[in-house]
Amino acid sequence: MPAYHDSLETRAPADREAALFAALPDLIAHARAHGAAWAERLADVDPARVTSRAALARLPVLRKHDLMERQHASRAAGGDPFAGLSTIGWRGLLQARGARRVFQSPGPIYEPEGLGTDYWRSARALTAAGFEAGDLIHNAFSYHLTPGAWIMEAGAQAIGCAVFPGGVGNTEQQLAAILDLKPVGYCGTPSFLRILVEKAEAAGVRLPIRKALVSGEAFPPSLRDWLAERGIAAYQAYATADVGLIAYETAAREGLVLDEGVILEIVRPGTDDPVPDGEVGEVVVTALNPDYPLIRFGTGDLSAVLPGPCPTGRTNTRIRGWLGRADQTTKIKGMFVHPSQVAEVLRRHPEVRRARLVVSGRMADDRMALRVETATPSEALQRALQESLRDVTKLRGDVELLTVGALPNDGKVIEDARTYD
């Protein structure tokens with residue numbers, strides 16, 4: 001099988017960084033010129049000056065819930081269903097052409113698909129999972145409303161594979177098709193692949209599938225090993241309906257390698273601020289896609305950067321994979337407390353490195369404590385933090401001063417430790 005999809009995967013990291021940030025100013029200028037929302041959001045930004053990570057980090061993060069709210073408001077007003085974030089469309093919209101398909105994801109959120117080959121860039125992940133030209137792939141992602149199946153199909157066709165559009169459901173019919181057509185590959189969720197394998201085993205037959213690219217849900221090592229015992233080498237892809245492929249697993253089985261078409265940042269939940277490499281935070285991506293230029297798009301997923309290059313020779317940054325959700329908003333004594341409020345407390349006290357708000361107690365007896373890391377503990381700092389906590393959240397809480405490094409590196413800013421029994 002081919003070692004890499006293309007030479008971009010093995011270029012020097014400095015060359016990649018230079019190429020990404022050489023392309024970024026043009027992307028921003030294009031977005032502002034052809035997307036009303038981008039013209040508004042980035043009105044005070046000089047695209048020519050956004051040529052570094054530091055400059056990028058000064059732009060606002062567009063989070064998924066913000067995107068959904070913008071779309072809802074725009075549609076309610078009879079406007080653009082993409083809320084001015086897309087630079088393509090069809091007759092009747094501000095942008096009168098360029099869209100090949102439009103999808104609806106839960107929310108609902110609408111996403112456009114443009115005309116390019118391998119539009120969602122999944123071919124790279126398929127190649128890393130061992131797929132080759134001439135393979136027949138059973139595609140069990142949904143072809144209805146959402147883009148999942150089309151994301152995989154576009155990549156499969158780009159590398160010369162044939163695709164059977166199985167879609168979701170109809171397990172018995174899909175199993176019969178697999179036994180008739182004998183596809184070597186599978187794309188879909190890992191849980192549905194397991195169902196197909198178990199049903200085949202119950203019928204006394206073995207699936208012909210030998211390779212798989214799975215996505216859409218967690219893929220624990222236990223399931224990966226269970227499939228391997230049955231002769232199926234399954235790899236995971238991290239993709240979203242908005243961005244397409246973000247990162248993918250390789251034969252090294254050491255984290256996920258970033259796709260070449262995105263710029264990734266890991267930010268502290270509730271803020272727009274990047275965290276040091278290795279620290280868990282929210283995945284924020286900038287997609288170098290002029291049709292749907294999501295600039296600093298907050299996925300709401302947690303992950304962290306892994307040190308060093310992939311042992312397969314791919315030189316792009318690696319991440320640990322999906323580590324949970326960043327939206328940790330919690331209701332305490334009838335009041336919602338957001339990660340951004342914890343971040344505001346930290347901003348008022350630069351001597352604090354990290355913090356976690358822990359909510360404990362039983363139902364109707366909520367207690368909260370702000371646990372902070374600081375190298376300079378004092379009673380004065382503790383009192384000041386208590387005052388800031390009450391000022392920001394409108395709730396009283398204790399403050400615990402901890403040594404630097406005492407808090408777990410899991411991306412949690414708010415921990416709900418209450419019992420409800």
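The values are calculated or read from the model by the stated rules, or taken from the named source; none is laboratory data. Predicted, not measured: the structure shown is a model, and the values here were computed from it. In this analysis, Cβ positions are derived from the backbone assuming ideal geometry, glycine residues included, and neighbour counts consider all displayed protein chains. Surface accessibility is based on the protein's heavy atoms, side chains included, excluding ligands, DNA and RNA. Shrake-Rupley method; radii C 1.70, N 1.55, O 1.52, S 1.80 Å.
Across the range 403-419, which residue is least open to solvent (accessible area, probe 1.4 Å) among those that are among the aliphatic types (A, V, I, L, M) and out of contact with any Gly (no Cβ under 9 Å at 6 or more places or on another chain)? Give the steps one after another, and end with the answer.
At the first step, the residues of the range 403-419 found to be among the aliphatic types (A, V, I, L, M) are 404, 406-407, 413-414, 417.
Filter once more, so that each one left must be out of contact with any Gly (no Cβ under 9 Å at 6 or more places or on another chain): 404, 406-407.
Details: Val404: 80, Ala406: 55, Leu407: 16 Å².
Checked the range 403-419; the qualifying residue least open to solvent (accessible area, probe 1.4 Å) is Leu407.
Out of all the residues in the range 32-85, which are small (Gly, Ala, Ser) and within 19 Å of Gly300 (Cα to Cα)? It would help to see each step written out before you state the result.
Taking the range 32-85 and keeping what is small (Gly, Ala, Ser), we get 33, 35-37, 39, 43, 48, 52, 54-55, 57, 73-74, 76-79, 83-84.
Selection gives Ala57 alone.
If the requirement is being small (Gly, Ala, Ser) and either within 21 Å of Lys64 (Cβ to Cβ) or open to solvent by less than 30 Å² (accessible area, probe 1.4 Å) (or both), which of these qualifies: Ala233, Ala247? Reasoning before the result, please.
Numbers: Ala233 fails: either within 21 Å of Lys64 (Cβ to Cβ) or open to solvent by less than 30 Å² (accessible area, probe 1.4 Å) (or both).
Just a single option satisfies the conditions, and that option is Ala247.
Count, please, the residues in the range 53-81 that happen to be in contact with a Leu (Cβ under 9 Å, 6 or more places away or on another chain) and touching a residue at least 24 places away in the same chain (Cβ under 8 Å).
Total meeting the criteria: 9.
Could you give every pair whose Cβ atoms fall below 8 Å, whose first residue belongs to the range 276-302 and is within 24 Å of Ala33 (Cβ to Cβ) and assigned to a loop (DSSP other than H, G, I, E, B), and whose second residue is among the polar types (S, T, N, Q) and open to solvent by less than 10 Å² (accessible area, probe 1.4 Å), counting only separations of at least 6 or pairs across chains?
Close Cβ pairs (under 8 Å, with a partner that is among the polar types (S, T, N, Q) and open to solvent by less than 10 Å² (accessible area, probe 1.4 Å)) amount to Asp291/Ser86; Tyr292/Ser86; Leu294/Thr286; Ile295/Thr286; Arg296/Thr286.
What tally of residues in the range 397-421 results from selecting those that are closer than 19 Å to Thr329 by Cβ and of a type outside the set (Val, Ile, Thr)?
Step one: filter the range 397-421 for residues closer than 19 Å to Thr329 by Cβ, giving 397, 410-418, 420.
Then keep just the ones that are of a type outside the set (Val, Ile, Thr); that gives 397, 410-412, 415-418, 420.
Going through the range 397-421 one residue at a time, the tally reaches 9.
For the subset of the range 210-224 comprising residues that are modelled with pLDDT under 95 and of a type in the set (A, V, I, L, M), which member is least open to solvent (accessible area, probe 1.4 Å)?
Applying the filter and picking the extreme gives Leu223.
Among residues belonging to the range 210-240 that are part of a strand (DSSP E or B) and of a type in the set (Val, Ile, Thr), point out the one that is nearest to the chain's Cα centre (by Cα). If you could, list the steps in order and put the result at the bottom.
Going residue by residue through the range 210-240, those that are part of a strand (DSSP E or B) are 211-214, 233-240.
Applying the additional criterion that residues be of a type in the set (Val, Ile, Thr) yields 214, 240.
Values: Val214: 15, Thr240: 6 Å.
Among them, the one singled out is Thr240.
Inside the range 1-74, counting only helices (runs of 4 or more DSSP H) that do not spill past its ends, which hold 3 or more residues that are open to solvent by 30 Å² or more (accessible area, probe 1.4 Å)? Walk me through it before giving the result.
Values: elements: 13-34, 36-41, 53-56.
So the answer is 13-34, 36-41.
May I ask you to list the residues in the range 372-402 that are out of contact with any Asp or Glu (no Cβ under 7 Å at 6 or more places or on another chain), of a type in the set (Ser, Thr, Tyr) and surrounded by 16 or more Cβ atoms within 10 Å (Cβ to Cβ)?
Hits for the range 372-402 are Ser388, Thr393.
Within the range 17-27, which residues are in contact (Cβ under 8 Å) with a residue 12 or more places away in the chain and within 21 Å of the chain's Cα centre (by Cα)?
Those that are in contact (Cβ under 8 Å) with a residue 12 or more places away in the chain and within 21 Å of the chain's Cα centre (by Cα): Leu20, Phe21, Leu24, Leu27.
Taking the range 114-172, which residues are of a type in the set (Ser, Thr, Tyr) and over 17 Å from Asp259 (Cα atoms)? Before the answer, list the steps.
Taking the range 114-172 as the starting set, the residues that turn out to be of a type in the set (Ser, Thr, Tyr) are 117, 119, 122, 127, 142-143, 146, 171.
Correct list: Ser142, Tyr143, Thr146, Thr171.
Which of the residues that make up the range 296-327 are open to solvent by 50 Å² or more (accessible area, probe 1.4 Å), basic (Lys, Arg) and closer than 22 Å to Ile109 by Cβ?
Residue satisfying the conditions is Arg325 alone.
Going by what's in this entry, would Ala200 be described as of a type in the set (Gly, Ala, Ser) and farther than 21 Å from Ala125 by Cα?
On the way: of a type in the set (Gly, Ala, Ser): yes; farther than 21 Å from Ala125 by Cα: yes.
When the stated conditions are applied, Ala200 passes them.
Exactly one condition in (1) of a type outside the set (Val, Ile, Thr); (2) in contact with a strand residue (DSSP E or B) (Cβ under 8 Å, 6 or more places away or on another chain); (3) surrounded by fewer than 16 Cβ atoms within 10 Å (Cβ to Cβ) is false for Pro106; which is it?
(2)
Just to be sure, is Ala228 modelled with pLDDT of 95 or more, loosely packed, with under 15 Cβ neighbours inside 10 Å and in contact with a strand residue (DSSP E or B) (Cβ under 9 Å, 6 or more places away or on another chain)?
Taking the combined requirement at face value, the residue satisfies it.
Are any residues in the range 218-246 more than 28 Å from Pro112 (Cβ to Cβ) and polar (S, T, N, Q), and if so, which ones?
Ser222
Mind telling me which of the residues Arg121, Arg91, Arg70 ends up being touching a strand residue (DSSP E or B) at 6+ places or on another chain (Cβ under 6 Å) and among the basic types (Lys, Arg)?
Details: Arg91 fails: touching a strand residue (DSSP E or B) at 6+ places or on another chain (Cβ under 6 Å); Arg70 fails: touching a strand residue (DSSP E or B) at 6+ places or on another chain (Cβ under 6 Å).
Answer to the check: Arg121.
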